[in-house]
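Right, one structure below, let's go through it.
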Amino acid sequence: MIVTTSWDDGDILDERLVELLSRYGMRGTFYISRTYRPRRLSEDRIRVLAAKHEIGAHTINHLDLTRLSDDARKNEIVGSKNWLEDVTGDAVTMFCYPFGLFDAEVKQMVATAGFRAARTTCQFGIGPYRDRFAMPTTLQVHPTLVRRASARDFRQYLLGRGLHWGSRLAPLRITGAMLLGWSHFAETLLKAARTLDDSNIFHLWGHSWEIDAAGMWGRFDALLNFIQQLGCRVRTNGELWSD
Ligand SMILES: [Zn+2]
């Protein structure tokens, strides 16, 4: 079982994520957009972050790439790679679509730009990943994944969003945990997925300011502790494709 984590946008609060991940000896992937967050990491702070964690591109202006002209799209995709490589002095090989929005043309441009893979915002994927330019996640750290009225409602919630649910996880009795919120859900999934093989990937992602606004730092810390106790192998997003 592999655990990978990714954190979007480059808000100043990402430094709190860095502190927590580092405390558990975990390297994460930070997808940074140049202008998006009102309180964002300076280039100096990005360099500090890059010394410990992986930096991925997340465009310049965080726009819907499917609605841009070819030139504008190229500026967002190639421009963000060039910018972060200038800032960090390292190759930037991972990309993340703003709002999770992409189409075949966007994917092609990301591949042509020299990225190794790209992450979406699809949830409940557990690997192995079929399409390296449409990497799903497993779970978003987000306050709305709480207290669904019933297990049946939750299944409807998943189906209504066209969410992938790995067939090997389907028999698990996870419904009760889902009702208690994302952190219980994550723990239950992790415990169950531990018995699966190394092609399975638990991919946690989120936004630092959402963790902050919803007062979820304590629960997030507890989850990292839990992951460490399980003895999962932690990889950055890019390390999943290091072959
Ligand atoms: Zn974003």
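For the reader, a short list of remarks on this structure follows.
- Burial order of peptide ranges 121-129, 27-35 (average beta-carbon count within 10 Å, highest first): 27-35, 121-129
- Likely footprinting exposure, 66, 4, 236, 188, fewest C-beta neighbours within 10 Å first: 66, 188, 236, 4
- Sorted by Cβ neighbour density within 10 Å, fewest at the top, the residues 55, 46: 46, 55
Here, each number is a calculation from the coordinates, and none is a lab measurement. Note that the structure is predicted; figures quoted are calculated from it, not measured. Glycine gets a Cβ as well: all are built from the backbone with ideal geometry, and neighbour counts include every protein chain shown.
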